[in-house]
Structure formats: C-alpha cells, structure tokens
Amino acid sequence: MDRTWEEPGWEELVPGVARRRLPGWDATAGLVHGPAGVLMVDAGSTLREGAELRRQADRLLGRRVTHLALTHPHFDHVLGAAAFSGVEVYGAVGLERMLGRRGRESLRDDAVRHGVDPETATEAADLLVRPRHLVSGEMTIGLGGGREAVLANVGPGHSGHDLAVLVPGEGGTPSVVFCGDLVEESGEPQAGPDAVPGQWPAALDRLLELGGEDALYVPGHGAVVNARFVRAQRDVLAARFGVS
C-alpha cells in the first residue's frame with residue numbers, strides 16, 4: 001500500500017483513491033487526489049466528523065481539500081459539509097433545494113431520531129453548505145496529472161437526487177465508482193420517504209453503464225463490491241418494488 005494512506009480507517013482502493021468507513025452508521029467517505037486538486041466524496045454526519053475528515057485529508061496529502069461531492073441529501077452523508085468552508089461543493093440538480101431551510105429541519109430531525117445529540121444536529125443543519133455546482137448529466141473535475149473524477153446524476157432512486165462519482169482507471173488499474181446509497185453492502189438497501197422505488201433499478205443500470213464490468217463499486221455503507229453484486233442488488237430491488 002502507498003504509505004500516503006497510513007492513517008487509521010483509510011483504505012486505498014487504487015493509487016490516488018481511498019475510502020473510509022465512518023463509525024456509527026458505517027457511511028462511506030471517499031478521497032480522490034491529483035497534483036492540482038483533492039476531492040472529498042461526502043462529508044459525514046456532524047460538523048465534528050466533517051472537520052475530522054478534512055484534517056485527515058490535509059495530514060495524509062499535505063494539501064487541502066478543494067472539491068466536495070455530496071451523493072444524496074441524507075444526514076449521515078451531508079451534515080458535516082459546513083466543515084468544508086471555501087471548498088467547491090457539487091451535487092445533483094435539486095439537492096440545493098433539499099438543503100434549504102425546510103430540508104435542513106428535516107435533516108436535523110432525522111439525525112436526532114438516529115441518535116445524534118440535538119444541539120450537535122442543530123448546529124450542523126444551521127451551518128449546512130449548499131452546492132454551488134449542480135449536475136444534471138455528467139460533469140468532469142480535473143485534479144491534475146491526468147486524474148479526473150466524473151460526477152454523474154444517475155438518480156433518482158435511493159433519493160430524489162442521487163449523484164455517483166466515477167474515477168476512471170489509469171495504467172491498468174480498475175475504475176472506481178462511489179455509489180452513495182444507491183448500493184449498500186452492510187445491510188438491505190433502505191427506501192425512506194424520499195426514495196423513488198420505481199426508478200431505483202434503472203438508476204443502478206445507469207451506474208453499471210458508468211462503471212462497467214471491471215470497476216470497483218464503493219457503496220454508501222459497507223465493503224467494496226463488484227458489478228455482479230450491483231446487478232444482483234438491482235434485481236432484488238426490481239422484484240421488491242415490482243418493476244422490470
């Protein structure tokens with residue numbers, strides 16, 4: 001393993017790409033770097049968790065995070081976003097509305113229901129950063145040295161605003177796809193009140209088209225999986241929701 005990633009909790013997937021499984025809800029945070037930029041994927045569930053992620057990235061790479069991609073508007077993935085002040089923030093079109101005043105109240109309430117301290121949840125929700133860059137199809141971020149990250153609006157499915165992040169493979173290494181909660185490995189996929197079940201299987205079809213057969217697929221919760229796992233989960237969801 002590249003010694004760059006010798007920080008507790010971080011797992012190198014391919015050179016320049018790593019992920020961390022956060023405590024509590026086993027949510028994923030991702031990190032992609034090139035010589036000109038650093039992309040964080042998701043921000044954790046509280047300001048403290050977001051700040052820890054940012055500090056770890058600074059310490060691991062010796063450079064500050066420059067970009068933040070939010071995969072979907074659920075508290076365990078976005079409430080740490082205020083810790084990334086000054087960073088360019090990206091999300092699927094419509095995410096900015098979900099992180100407005102009413103959406104913040106909903107995120108705060110959901111966090112408290114799941115055990116986050118009410119004051120901690122309120123602070124994170126009040127200071128929440130909304131995305132300035134909205135993705136309707138695909139958007140490519142150049143991180144220097146040929147390293148790119150492709151942000152793809154592949155939803156709706158798990159939520160109304162699901163964003164995936166593809167890091168194309170280099171020099172024979174596989175591509176990496178950060179899936180958000182469109183894919184879950186450590187438990188059954190969760191369909192909350194903002195899920196769009198009838199379109200979730202189609203979102204996974206788009207995810208598979210984006211990454212291809214040989215990619216590493218990083219779920220929003222759980223261990224890294226392959227295309228076969230994603231396809232099987234797609235079929236389970238199609239049967240569960242009665243769609244083809």
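The values are calculated or read from the model by the stated rules, or taken from the named source; none is laboratory data. Please read these numbers as outputs of a predicted model, since none were measured by experiment. Quick reminder, even Gly has a Cβ in these numbers, built from the backbone with ideal geometry, and neighbours come from all protein chains shown. Areas reflect the complete protein model, heavy atoms only, side chains present, ligands, DNA and RNA absent. Shrake-Rupley method; radii C 1.70, N 1.55, O 1.52, S 1.80 Å.
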Discussion item. Can you list the helices (runs of 4 or more DSSP H) lying wholly within the range 6-104 that have 1 or more residues being open to solvent by less than 40 Å² (accessible area, probe 1.4 Å) and on the phi > 0 side of the Ramachandran plot?
Written reply: none
Practice prompt. Collect the residues in the range 146-188 that are of a type in the set (Val, Ile, Thr), touching a Leu at 6+ places or on another chain (Cβ under 7 Å) and part of a strand (DSSP E or B), keeping them in residue-number order.
Written response: 150, 165, 176, 177
Item to complete: Check whether at least one residue in the range 147-154 is open to solvent by 10 Å² or more (accessible area, probe 1.4 Å), at pLDDT 95 or above, of a type outside the set (A, V, I, L, M, F, W, C) and out of contact with any strand residue (DSSP E or B) (no Cβ under 6 Å at 6 or more places or on another chain), and report yes or no.
Response: no
Worksheet item: among the hydroxyl-bearing types (Ser, Thr, Tyr) and either surrounded by 15 or more Cβ atoms within 10 Å (Cβ to Cβ) or touching a residue at least 60 places away in the same chain (Cβ under 8 Å) (or both), is that true of residue 244?
Response: no
Worksheet, complete the sentence: Log entry, pairs with first residue in the range 140-155 being over 16 Å from residue 171 (Cα atoms) and of a type in the set (Val, Ile, Thr), second being open to solvent by 50 Å² or more (accessible area, probe 1.4 Å) and at pLDDT 95 or above, beta carbons closer than 7 Å, six or more apart or on different chains, reads 140/148; 141/148; 150/138; 150/140; 154/206
Worksheet item: Restricting the range 205-221 to residues that are free of Cβ contacts under 8 Å to residues at least 60 places away in the same chain and farther than 24 Å from residue 172 by Cβ, which is most open to solvent (accessible area, probe 1.4 Å)?
Response: 206
Discussion item. Looking at the range 222-241 only, could you name the residues that are among the hydrophobic types (A, V, I, L, M, F, W, C), over 24 Å from residue 23 (Cα atoms) and open to solvent by 20 Å² or more (accessible area, probe 1.4 Å)?
Written reply: 232, 236, 239, 241
